[in-house]
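Please treat every number below as a calculation from the coordinates, not as lab data. Here the structure is a predicted model, which is why all the values come from computation and not from measurement. Positions of Cβ are generated from backbone atoms using ideal geometry, with glycine treated the same way; all protein chains shown enter the neighbour counts.
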Amino acid sequence: MSKETLLFSYAVLPKGKYIPKDFEHNDLLHPDFSLTAISAFEAYVGYLLYQREKVDRIIIMGCKTFGEGTPADSELIADYLNRLGVPENKITIDKYGFNFACQVERAKGSISNEANLFAVTLECHSARVERLLKAYGINPKMITIEEVFKSQPIPQDLLEYFETFIKGEVKPRLETESKILLLLQLIDPKGHLQLLITKLRGIRYFDVDIQPTLAKPITLK
């Protein structure tokens, strides 16, 4: 049985507005955009699983946070993974997931039916994403960024941002939002209402040391 890892996007940021986070490779991924620290956490856990579990394929669900003509966060995550040592032929990219619920729905078409699947999220998103995946008939082993980063050595540059995230204001905001969305799933198991809410408010992006922000309008392909 093959092994696959499912990664979710945590946005990109425009270099013209935010100085790129100073971790290895980030400034080289795109001339105009960089990964958020949280996106880097997600990607690095995918890399560690690739090494530890001998994963056959990494599937990256993403979206074009700033609209057509800009890169999807999944594309930058894929480039980051490739620079870390994951071959391009081991990576599958989705660019139009829009939000977590939509990414989960789209993931069903990318995952092999018989694969042993790992799904990586932040701890606060784990229960919500697991329920969404199971609503679409997908039964993964959930892996959280926090549990991996606390149990395995990670580069010092990422560790500093991770410690900032753990102690900062962004984590409680994400936890509160996740609790609300988890309750919403009692009446919206597949996340259709969540997608509508996202379209109405715009996609928010987060990073370890910036306030949650409304992104520019998205044009879905």
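Structure above, values below:
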| item | result |
| --- | --- |
| Options [x] 85, 40, 31; [y] 76, 39, 28; [z] 41, 41, 35 - which one matches Cα extents along the principal axes in Å as calculated here | [z] |
| Helix runs (DSSP H) in the chain reaching 18 Å along axis by Cα, Kyte-Doolittle at least -1.0 | 37-53, 123-135, 170-184 |
| Placed amide H near residue 92: partners under 5 Å, 5+ positions off or other chain | 58, 59, 60 |
| Check: the range 1-122 dipole with +1 on Lys, Arg Cβ and -1 on Asp, Glu Cβ, in debye | 120 debye |
| Nearest-20 debye value, the chain charge dipole, Cβ charges on Lys, Arg, Asp, Glu | 740 debye |
| Proximal lysines relative to residue 190, as straight alpha-carbon distance under 22 Å, when same-chain residues fewer than 8 apart are discounted | 64, 95, 108, 134, 141, 179, 199, 221 |
| Cα centroid separation, the range 106-150 to the range 1-52 (Å) | 18 Å |
| Estimated vicinal HN-Hα couplings, Hz - the range 5-13 in sequence order (Karplus 6.51, -1.76, 1.60; Gly, Pro = x) | 10, 9, 10, 10, 7, 10, 6, 10, 10 |
| Counting DSSP beta bridges with both ends in the chain, the antiparallel % (nearest 5) | 25 percent |
| Assigned charges on the beta-carbon of Lys, Arg, Asp, Glu; the range 92-145 dipole about Cα centre (debye) | 100 debye |
| For the chain, with +1 on Lys and Arg beta carbons and -1 on Asp and Glu, the positive-most of 84, 50, 112 along the dipole | 112 |
